[in-house]
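The values are calculated or read from the model by the stated rules, or taken from the named source; none is laboratory data. What you see is a predicted model, and the numbers here were worked out from it, not measured in a lab. Counting neighbours? That spans all protein chains shown, and the Cβs are built from the backbone with ideal geometry, glycine included. Quick note on the areas: whole protein, heavy atoms, side chains included, nothing else; ligands and nucleic acids left out. Shrake-Rupley method; radii C 1.70, N 1.55, O 1.52, S 1.80 Å.
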Amino acid sequence: MTTPPAPVQQIHRRRQGDTRTVLPVTLQQPDSAGVLQPVNLTGLSVTFTMVNAATSTTKVNAASATIVSAAAGTVNYDFASANVDTPGIYWGTFTVTQSGETDAFPVASKALKILIDGPTKTSEEAYAEAVS
């Protein structure tokens with residue numbers, strides 16, 4: 001039996017208030033040989049959730065994501081201004097739904113890290129301030 005590869009943390013950094021650039025992600029899962037393959041999203045729906053790492057407050061709750069290429073497993077999340085109004089560190093999750101059943105991507109809860117920098121402090125400084 002092959003052990004699946006260890007999760008790689010994907011980091012997406014943006015500036016407070018920036019909404020022009022989308023969050024692009026390819027959803028993958030290991031095949032029977034343990035090799036990561038894109039998830040075929042044909043006929044499925046995808047949502048995005050984002051949680052503040054310092055406070056565990058949900059900032060984005062199951063908002064619709066855009067499927068860019070169903071066969072290639074690529075999706076985008078287009079941030080609204082309310083999603084990026086607070087500097088800090090956030091954890092992101094895409095949820096794929098089919099007939100009432102769901103799978104979360106990435107599977108590892110902290111594998112999609114979203115950093116929002118403010119005009120005068122980095123996301124890391126905002127996180128440290130929030131947990132102190």
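Converting phi to 3J(HN,Hα) with the Karplus coefficients 6.51, -1.76 and 1.60 and the offset θ = phi - 60°, segment 32-49 yields 5, 8, x, 8, 5, 10, x, 7, 6, 9, 4, x, 9, 10, 9, 10, 10, 10 Hz in sequence order, with x at every glycine or proline. Note that segment 17-58 presents 55 Å² accessible area per residue, ligands and nucleic acids not counted, probe 1.4 Å. Of the solvent-accessible surface of segment 1-107, computed with a 1.4 Å probe over protein heavy atoms with every protein chain present, carbon and sulfur atoms account for 50 percent.
Dipole magnitude for segment 5-112: about 380 debye, using +1 per Lys or Arg Cβ and -1 per Asp or Glu Cβ, origin at the Cα centre. All Cα-Cα distances of segment 1-100, cut into 5 Å bins from zero to the largest, leave 3, 11, 20, 22, 18, 14, 8, 3, 1, 0 percent in each bin in turn. Here the mean projected area of the convex hull built on the C-alpha positions of segment 24-79 is 4.8 nm². Mean sequence separation of contacting Cα pairs (under 8 Å, at least six apart), scaled by the length of segment 1-117, corresponds to a relative contact order of 34 percent. Estimated from helices alone, the mean residue ellipticity of the chain at 222 nm is -2000 deg cm²/dmol (sum of -39500 (n - 2.57) over DSSP H runs with n ≥ 4, per residue). Which of the chymotrypsin sites (Phe, Trp or Tyr not before Pro) found in segment 52-132 are in a DSSP loop and have at most 13 neighbouring Cβ atoms, other than their own, within 10 Å? Listed in order of number, the matching sites amount to none.
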